[in-house]
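The values are calculated or read from the model by the stated rules, or taken from the named source; none is laboratory data. None of these values were measured; they are calculated from a predicted model. Reconstructed Cβ throughout: ideal geometry from the backbone, glycine too, with neighbour counts over all protein chains shown.
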Amino acid sequence: MSLLFEDTLYEAKLNQTQMPEVVFNIESTRSKVIVHVSQNCGRLSESTLNRLFEPPQISPNQEHSHALNLYLTQMILEKSFGGQIQAKNQGNGVHFKLIFPRGHQHR
């Protein structure tokens, strides 16, 4: 989740968001725990949303790849916890939903 938070801070600076905000909510059911992370630091285009968790193409000159952060978050969530991550535009920003199944044996 720190990778999502780091990306949000970067987007806030890039978009010059006056009052950047990150909101975390946790929802628990019998079968899963869902962590909602919302920010107000700018919406993404539909094409970007569709490619958001794809492996990034990184060149040696890139200082930092936020696509890499999101890809790594997805891989850790899926491989280590049997979960998933989703993203959608909401309000003035992006809403991420991290889903952790209950009873999954952590690897």
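Which of the residues belonging to the stretch 32-53 are hydrophobic (A, V, I, L, M, F, W, C), within 17 Å of Asn89 (Cα to Cα) and either modelled with pLDDT of 90 or more or assigned to a strand (DSSP E or B) (or both)?
Within the stretch 32-53, Val35, Val37 meet the criteria.
List the number of the failed condition for Leu72; all other conditions in (1) assigned to a helix (DSSP H, G or I); (2) touching a helix residue (DSSP H, G or I) at 6+ places or on another chain (Cβ under 6 Å); (3) modelled with pLDDT of 85 or more hold.
For Leu72, the exception is condition (2).
Report the residue count in the stretch 84-105 for those that are touching a residue at least 24 places away in the same chain (Cβ under 8 Å), surrounded by 15 or more Cβ atoms within 10 Å (Cβ to Cβ) and not hydrophobic (A, V, I, L, M, F, W, C).
Within the stretch 84-105, residues that are touching a residue at least 24 places away in the same chain (Cβ under 8 Å), surrounded by 15 or more Cβ atoms within 10 Å (Cβ to Cβ) and not hydrophobic (A, V, I, L, M, F, W, C) number 4.
Table: residues versus (1) among the small types (Gly, Ala, Ser); (2) touching a helix residue (DSSP H, G or I) at 6+ places or on another chain (Cβ under 9 Å); (3) outside any helix (DSSP H, G or I); (4) modelled with pLDDT of 85 or more.
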{"position": "Phe5", "(1), (2), (3), (4)": "no, no, no, no"}
{"position": "Tyr10", "(1), (2), (3), (4)": "no, yes, no, no"}
{"position": "Thr17", "(1), (2), (3), (4)": "no, yes, yes, no"}
{"position": "Arg30", "(1), (2), (3), (4)": "no, no, yes, yes"}
{"position": "Pro55", "(1), (2), (3), (4)": "no, yes, yes, no"}
{"position": "Asn61", "(1), (2), (3), (4)": "no, no, yes, no"}
